Each structure stands twice: as structure tokens, then as C-alpha cells.
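The values are calculated or read from the model by the stated rules, or taken from the named source; none is laboratory data. Not measured: the values here are computed from a predicted model. Ideal geometry is used to build each Cβ from the backbone, glycine not excepted, and the neighbour counts take in all protein chains shown.
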Amino acid sequence: MSFRRRLIYFLFATLALLQASTAFFAYQFTRDTLIDQGKAQLTQTKDLFVRQLDEIGRQIASGVEVLALDFALRQAIAQQDRDTVLSALRNHGRRVGATRMLLVGLDGAIDVDTGDAGAGSPRFAFPELIDRAASSGSASSIVALDGTAYWMVVVPVLAPVPIAFITVAVPVDDQLLQKIQGLAALPKDLALAVDGGAGAWVALAGSPGAAKLVRLLPPVAAHLPPEPTDMVADGSEDIVLAAPLATPPESPRMAAVMGYPLAEALRQYQPIILAPFGLLCAALGFAFVGAVVIARSVARPVEALALATRRIEAGDYTPPEPLAQTGELGQLSAALGSMARAISEREDQIRHQASHDAVTGQLNRAALDQIMAGRLGSPPSALLMIGFVRLQEIVKTVGREIGDRLMRDAGKRLVALIGDATVARVSDSAFAVYAVGHGGHAAAELARRIVAAFERPYQEGDLTIDAVAAIGIALAPTHGTEGGLLLQRADVALFVASRSESRVARYDALADPHRPEHLSLMSDLRAALGQSGLRQFYQPKLDLVSGRVGGAEALVRWQHPKRGSVPPDAFISLAEETGNIQRLTRWALASGIAQAAEWRALGLDLTISVNLSVRDLADPGLPARVGALLARHAVPASHLMLEVTENAIMGEPDTAIAVLRELADQGIALSIDDFGVGQSSLSYLRRLPVRELKIDKSFVVNLAQNAEDRMIVQSVITLGHQLGYSVTAEGVEDEAALARLVGYGCDHAQGSHIGRPMPIEAFDLFLGEARWPSQRLAAAS
Amino acid sequence: MNIRCGRSVCALIVLIGTAGVGRAGAGELLSVVSDDDGKPVADAVVALVPTDPALLAAAEPALWAPWQSGVVDQRDETFLPSVEIIARGGQVVFRNNDVPQHHVYSFSPVKAFEFVLKPGTSSAPVVFDKTGVAAIGCNIHDQMIAYIYVTETPWVVLTDKTGQGRIAALPQGAFTARIWHPSLPPGKPVPSRPLTISQGLETLPVTLALLPMRHPDREHGLY
């Protein structure tokens, strides 16, 4: 239902209810008042009506009495002059309004009759009246005769004693009653009722409404109610009061009936009662017009606002025409306008945020994806990935805020360089530049310019940061025609670039470790771990003091069933990346310790060295597992050496130190592998339960030729010994190097000059024929 | 006097025998008339009519003498007496002793007449030659009524205030006593009693059912 209709209905209902109740109460009050008034009037006028009837009788009687004294008439009566008497009676009858006059003899016989001669009884019908007249001088009563009401007056004719009676019948008809009513201010409805013989009252005379009143009366047999009674009949309501009239016994019973027509009385008040309805109609008219006007003034703007809202919903943020109104709707319209503006601004902002990087203000990865959507390569284009390798380090050092500002500055530098190409930030530490129309040469040229631009360090206050940029290049269509693939390839190239001298690399499919086949290598490695596809090689470790082989380093080798030998660097880093390194270490430990037990069984006193990965040091269960293996194979802990790199210890120091300590507490010797190329600090190493330093082979390989290397090696050996470590040199490839190491007091040597890593069968042969025999167990020797 | 309507009639007749009057001796009758309430009724006429007409013919002329003439006076707008007994053929003179004129009339079949009497004048004698009662009125004063009782028998009496009337010199024999009074209901037969007169006094008690007086007490002239 519309607002307009509801408003109209409400106003209509309110007004109608109000006016109807007003009219109802006015009607009820008027009606009650009129009923009381009517009853009072009837009660007051009841006796008056009867008295008026009696008065009529008395007037007639006195007229007749005068007549009866007329000397001539008396003479005529006495002389029985009937003609004279008849004419005199007729004459007088006209005067008093009588329809019939009789001369009745003393014996009750009718002597003279002004009515039809011969009609009627020869005797007077109401002898009781004669008797009363004889004794009282005159008698009168209302009687009913032949369906008419009469005042019957009987007067004796005295000459001077009664000689006859004159009787006069004056009809009490409608006119007479009307006259009485007028004279005495009686109620309008008057009637005379007679016992009709059938038990019910019958109207003899009265006002037009009289017959109806008489019908309302109770049966003749019942008493007439002495109080006014409220009666309803024929759809009208009357208050009725009936009084019995005295009649001679020869006449049927009669009653005077008075009525107060309530409906008619109410009719006078109709204007008052109807006034509310008139007012209602007028008010309804006003209310209708008012409601239409108000509703229109509300509905029109609301419709306009609804239209504006739908427009905004559809994305048209033009603010709606402001309404002329100042009320609530005006406010709503203004609010809608400002809402549209706010939504528009916010949408722009969101759209900007969705496509831009918050830190640098450059396009983001998603925006770049959109730009590179579809098939690329025509014309040829280049995607350059510019990465800042040191960014993580910088952030950790100077904080993220400066890191962010540095990246913002980097973005600006790129924008200044690239012309109409597109710049986007694609990861925390990398931007991408998408240059349409750039072939390989143009891309390389652009990359060089970028590298040059970033040679100038970022300056902020007195802080100078050299954010070294590396650039990987992928070309479309050469390396791919699809945006995602190009990004991936540029990323791979970036990885390569970040390790190269020039800092720029083009994608090389052959060098890409992230090709799909790489993934299959991982699953193959898992399979190899399960199926003993791996083999353990052993490299002899020469004790320079005794000149015997005192131990061996276990090195894992993987013979891939299809690819052949896989280099250890490749599959170990793969195992580290894929979380399989712990399984690999477990396998290496198990097979190494088992081999040590075999050697012991053969009476050989060889220490076995096993490499641990950085991930192994994060495993708190490692020491217990190692202890269990040693116990199972009955190998003393002193015959197991675990090698870790400097970097592994530095990566996660707390956990690593805890694990190392537990291992050392079991009596297992720990060795720092590749010592000299990492970033360990000596003071830090001092806190570790380390027993041995292994000098990186890069220092040893050219020992005979390089004086610097000789100084370093000599210094490390001296330093190690002074700190209480034994020192092992790796990469011993010639006799000269071995001789120098012996000269420097180095404890152990390892290298191809002594023996390459070899399978266990070859190692056994090597021990049997070698220049350097194995140490033997004391018990066996 | 205010006499009310009676309900019944009972008679007590006392015959008083009188000696020496007439051929066959003489009796005497005392009539005592009262109304229903037992009050004495004055102005009642008791007339004894002998069953044997010979007795009437044999009545001595002296018996008729009191009834041969009468005077009806008018004083204070009243006829006095109100009942006058006259023998048939007797004369009545109406005499105005009053201040206003009186218009005396009678419509009675017994004797109809009318004349105007100026104060201080008397009428010519009016001869009543029919028996019966003539009601005399005044056309000027309705309340004035007098009755002339024209009797056929000399044995007649008008009761006094005590309601008594005495008739003497009655011959022995059978009689009918006729009792009349102005207040008897009109048009009804006159009450009568058969009785037999012998020697000595007899008493005739009569109770009359009378109409209430239509006119107020004339003696006091009230209306």
C-alpha cells in the first residue's frame, strides 16, 4: 500500500470514528432526553385530557340544561306537540354540535328522535344515564355507539317537575380531539379506544397516528399500564399512555390514549444528529485533498530519490538533483548526494589500491597480470625482473620503514628510466618492467642502464645504502607467450643473475632448476631413500702424525637409474628444499655407523665422519637417535665425528647449540666443515663443543703455489691448535701440499692425493695396498 | 329537609275506631310516613278511597268543606304551602306576597294555566275540576315549585313535620290508601295500601323511597 493511500485511510478512519461516535452520543443523549420528556409530558397531560373531555361534556350539558328550561319547549313537551319539540331539538342540536337529540319519556321510551325516524330502538340505550339525570339534574358520559364515540348528555325537562329527558349525542370525532389538543396543548397523538369485542382495543377517533397507538395497547383483558410505556411497532417508536374512561355499563369500555412519537420528536433534532455527518463529509473532503497533497509532496521526492539510488547502484555516481525541500527528505537527498560522492571517491581509491602497490605507488602484480593478459610476443616484448638481493638483510638492519622508502625510491628511478614501458612491484624485493617492442638486445641494453642507475646508492640523511640490483630477463615470444610464464622465467633468470658478476642474466632453460623435471627428481629421491638407491662413498682421512689412515668421511652418492650419477650438491640442496634432508641424514648415519662396526669387527681402528645439514640441527630428537644407533652397533661414541658447516651453526644458533651440546655430551666429536669461507666468529665458536676444524679446500688446493693461502692455512692451524682444536685440511691434491701441511703441524689431511671418495669395496682395497696403512685396534695389534 | 332515596316499603297500619260519626259509626286513621332512613316525611298526601263508591257519595258535605278553596302564597321566591290539597271543583288563589314578579304556570294535564302576578296581587281563583296532581312552577324562578293535589275523596290528609296525618270521621269499610309525595320517582305508580276501617283509631305507617331533593331547602332560600 502506498504512503498516500495509507495516509488517506488513516485520516478517513480517524475522522469517521470521531464523527460517528459524536453522532452516536448525540443521538443517544437526545433520545434519552426525549423519552424522559415524553414520559413526563404524558404523565402531566393524562388528567388534562380526561378533564378536557369532561369539560366538553359539561359545556354540552349546560347548553342542554338551558334548552330544557325554555318555556315554550317545556310547554310543547307538556302539550305533547311533537313537531314543535322535534324542530326545537334539531335547532338546538346544531348549536351544541350534536348529531342526534332525543326526547325520552320518564319511562325511558323515546318520544322524539332527531335521527332517522323509525331507526333505532324505541327505548333509550343508556337508562343508567336517565337515572343519574333524574337524581342529579343531568348526566353525561362518553359512550361508544355503533362504532362512534359520543358524549351523551341527559338533561331532565322540568315543568317544574321532570316530565321528560332530553338526550344529546355529540360525536367525539377527530376534529373534536384536534380541538381539545389545541386548547390544552396536549400531545399531538390522541385517540379514543373502545373494546372492539374481540379482546383488542379499537380506535374510534384520533389523530392520524392514533390507530397505530391503539394497536400497541395490551389486550382489553389486561390492565392498562398506569405509567407511560415505550413501544416499538412498524419501525417507529412511541411512548404511549392510556387511561380508562368512565362509561355507563351499557357502553363497551373505553380508554383515552396519548402518544408521544419519539421518531417525530427526534426528527426535530435530526439536523443536530446529522450535523456530524455533514461535518464528516466536509472533513473527509479536506482530509482527502490534504492527504493527496501531503502524500504527493512525500511520494514525488521519494520516487526521485529511489531513482537516484538505482542510478548509484548501477554505478552512476552523479549526485541527484538536490530537492527544494528543507525537511527530512531534503536532508535525505543531500545525504544521498554526499553518499554518492563518497562512494565514488572510495571506489576510485579501492580501484587504485587494487591495482597499485601501497608502499611504492607503482602498479602491483595483479595490474601487471592484467596488462600482460592474452597472447604476448607480437610485437616482441621483454619482461625484466629487477630484484634487490640484499633487501631482507637491509630491512633487518635498518628497519622496514627505511626499506619501504628505499623501494619507493627504486620505483621512481625505474620510472625515470624506462620511458613508455610498464613498471610494477611484483614481490617484496622485486620490480618487473614490461617493455613492449623490446627484443633481446634492447632488453639487455635497458638492463645495463638500470644496473648503472642503481650503482648510485640510496641516500637518506647520513645513511647510505647500496641496494644491489640484479636483473633477470625473459623474452616473448622466445621464452613464452603467456604473462605468468614470462614472470616465472624472469624470476629464474633473476636468481641466476643475483649470483653472477654482471648482475644481469637472460633466462637459460638449461640452468633452470625449476623446470618440471626437477619436481620428478624429488620424487625419485624419495624413492631412492626407500629402495636403497643411494650409496655411501668413503674418503680416507690421513693422520699426519702417525702416517696412517685414521678415519673416513662418508659421502652420499646417488646413481639415478635413468640420469646416471647425480651430483651431491644438486640432490642435497633438493633434499633440503623439499624437507627430505632428515631422512637422508638418518640413512647416512645408519649406514656410516654400521660400516664403522664392520671395520671394528675386522680389527680396524677407523673413525667415521658423517655430514649434518642445517635442518638436522633443528631436530631435537637427533642426539637420542644417534646414541641409539651407536649402542645398537656397539660403536664407541669417540669413533663417530659429525661435520657441520659454519653457516649451519650461525643460522639457528640456540636450537643448534642445544643439539650439538647433547651430541658432544655423549662423547661424539664435532667438526666445523668448510672452515674459512663462512661468517663464523671465533668467539662464538668457542662456546661450542667443537673438537675439529676442517680448512676449506679452496685454501689448500693451490697451497704449493699461493703464498697467501699458505699464510692462511698456517695461521688457521696455529690458531686452531692454540684454541684446542685439531685441524684437518681438505683438498690435498699433490705431494707438495701434503708436505707443507706436515710441516705446519696439521693433524689430518684429506684429498685426491691421498684418496678420492670411493665405494666400500674400493676403500677396502685401498687400505690393503696403500702407502698409508690403517690404524689398527689395540686389542687386535 | 333532605330526604334520601329509600330501598324498601313496609307498612304498619293502625286503625282507630271512632264512634258516632256517619251512619255506621266512625273510625280514625293515623298515618305515619317516613323515608328509608326512618326520618319523618312531611308534605306527604295520604288519601283514602273507599272501595264502595256509595260510601263516597254518602259522605257528608261538611267533610268536603276544608278542600273547597285554597291559597298558595309566594314569599321569598317560594310557594307556600308547597303542597295544597283541593277537592275536585275547588278553587285556588295564587297570591304574590313577594318582592319580584312571579310567572306562575302549570303544564299539568290536571289543569294548565299561566299568569304573571305582580307583587301584592292575587290571581283569579283557579278551578281544578280534574283529580290528580298539578305541578305549579314559576317561569322566572326555576326553584319555585308547588303541587296542587286534586282529591276525589274527602278523607285525605297532608303529613306534618313529624310525618303524621290524622283522618277522622271515617265510615267503616274497605279503603285504598294512596300515598303521594313530590319526591317520589316520576313516572312510577303511586304507592297504595288496601285497608279496612272499623271502629276506633288505626295507624298506617308508610315508608317511602324518595328521590333526593333536586332543589335545596326552600325554607332557607338557598340555592
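Every condition in (1) of a type outside the set (Asp, Glu); (2) within 14 Å of another protein chain (Cβ to nearest Cβ); (3) touching a Leu at 6+ places or on another chain (Cβ under 7 Å); (4) under 12 Å from A:Val155 (Cβ atoms) is met by A:Leu69 except one, and the failing one is (3). Applying the condition of being in contact with a Gly (Cβ under 8 Å, 6 or more places away or on another chain) and among the charged types (D, E, K, R) to the stretch A:406-426 and asking which residue is nearest to A:Glu393 (Cα to Cα) yields A:Arg408. When A:Val161, A:Val170, A:Val214 are screened for being among the hydrophobic types (A, V, I, L, M, F, W, C), in contact with a Phe, Trp or Tyr (Cβ under 7 Å, 6 or more places away or on another chain), assigned by TED's automatic domain parsing to the domain that holds A:Ala61 and closer than 30 Å to A:Ala72 by Cβ, only A:Val170 passes.
I want to confirm something. Restricting to the stretch B:139-171 and keeping residues that are β-branched (Val, Ile, Thr) and within 14 Å of another protein chain (Cβ to nearest Cβ), which single residue is farthest from B:His103 (Cα to Cα)? Among those that are β-branched (Val, Ile, Thr) and within 14 Å of another protein chain (Cβ to nearest Cβ), it is B:Ile148.
Rundown of residues vs (1) loosely packed, with under 12 Cβ neighbours inside 10 Å; (2) charged (D, E, K, R); (3) assigned by TED's automatic domain parsing to the domain that holds A:Ala211; (4) under 18 Å from A:Met339 (Cα atoms), yes/no style:
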position: A:Pro249; (1), (2), (3), (4): yes, no, yes, no
position: A:Ala256; (1), (2), (3), (4): no, no, yes, no
position: A:Ile272; (1), (2), (3), (4): no, no, no, no
position: A:Ala308; (1), (2), (3), (4): no, no, no, yes
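Remark: A:Leu660 matches the filter, which requires a residue to be more than 17 Å from A:Gly751 (Cα to Cα) and either buried (at least 17 other Cβ atoms within 10 Å of the Cβ) or touching a strand residue (DSSP E or B) at 6+ places or on another chain (Cβ under 7 Å) (or both). Residues that are out of contact with any helix residue (DSSP H, G or I) (no Cβ under 6 Å at 6 or more places or on another chain), surrounded by 15 or more Cβ atoms within 10 Å (Cβ to Cβ) and within 14 Å of chain A (Cβ to nearest Cβ) within the stretch B:95-113 comprise B:His102, B:His103, B:Val104, B:Tyr105, B:Ser106, B:Ser108, B:Val110, B:Lys111, B:Phe113, listed in sequence order. Taking the stretch A:159-196 only, how many residues are within 14 Å of chain B (Cβ to nearest Cβ) and touching a helix residue (DSSP H, G or I) at 6+ places or on another chain (Cβ under 7 Å)? Number of matching residues: 5. Filtered by the rule that a residue be away from chain A (no Cβ under 12 Å) and part of a strand (DSSP E or B), the stretch B:117-133 gives B:Leu117, B:Ser122, B:Val126, B:Val127, B:Phe128, B:Gly132. Of A:Ala78, A:Ala88, A:Ala98, A:Ala61, all but one fail to be surrounded by 14 or more Cβ atoms within 10 Å (Cβ to Cβ), within 14 Å of another protein chain (Cβ to nearest Cβ) and within 20 Å of A:Phe124 (Cβ to Cβ); the exception is A:Ala78.
Taken over the stretch A:48-74, the residue count meeting the criterion of being touching a Ser or Thr at 6+ places or on another chain (Cβ under 9 Å) and over 23 Å from A:Val143 (Cα atoms) is 2. So, A:Thr326, is that one outside any helix (DSSP H, G or I), surrounded by fewer than 11 Cβ atoms within 10 Å (Cβ to Cβ) and of a type in the set (S, T, N, Q) or not? Spelling it out, A:Thr326 is indeed outside any helix (DSSP H, G or I), surrounded by fewer than 11 Cβ atoms within 10 Å (Cβ to Cβ) and of a type in the set (S, T, N, Q).
Restricting the search to strands (runs of 3 or more DSSP E) fully inside the stretch A:521-627 and requiring at least 3 residues that are closer than 27 Å to A:Glu646 by Cβ and not basic (Lys, Arg) gives A:534-543, A:548-560, A:607-611.
Mind checking whether some residue in the stretch A:674-689 is surrounded by 15 or more Cβ atoms within 10 Å (Cβ to Cβ), within 27 Å of A:Ala596 (Cα to Cα) and of a type outside the set (Asp, Glu)? Yes. Can you tell me which residue is modelled with the highest pLDDT among those in the stretch B:172-223 that are over 18 Å from the mean Cα position of the chain (by Cα) and within 14 Å of chain A (Cβ to nearest Cβ)? Among residues in the stretch B:172-223 that are over 18 Å from the mean Cα position of the chain (by Cα) and within 14 Å of chain A (Cβ to nearest Cβ), the one modelled with the highest pLDDT is B:Pro212. Inspection of the stretch A:450-470 identifies at least one residue that is under 19 Å from A:Gly403 (Cα atoms), of a type outside the set (Lys, Arg), touching a Gly at 6+ places or on another chain (Cβ under 8 Å) and assigned by TED's automatic domain parsing to the domain that holds A:Asp508.
Note on the stretch A:344-395: residues that are under 22 Å from A:Ala505 (Cα atoms) and of a type in the set (Val, Ile, Thr) amount to 2.
Of the helices (runs of 4 or more DSSP H) contained entirely in the stretch A:352-438, those carrying at least 3 residues that are buried (at least 17 other Cβ atoms within 10 Å of the Cβ) fall at A:391-398, A:400-418.
Of the helices (runs of 4 or more DSSP H) entirely within the stretch A:696-748, those holding at least 2 residues that are β-branched (Val, Ile, Thr) and surrounded by fewer than 20 Cβ atoms within 10 Å (Cβ to Cβ) occupy A:707-723.
Of the strands (runs of 3 or more DSSP E) contained entirely in the stretch A:456-503, those carrying at least 1 residues that are without any contact (Cβ under 8 Å) to a residue 12 or more places away in the chain fall at A:458-460, A:463-465.
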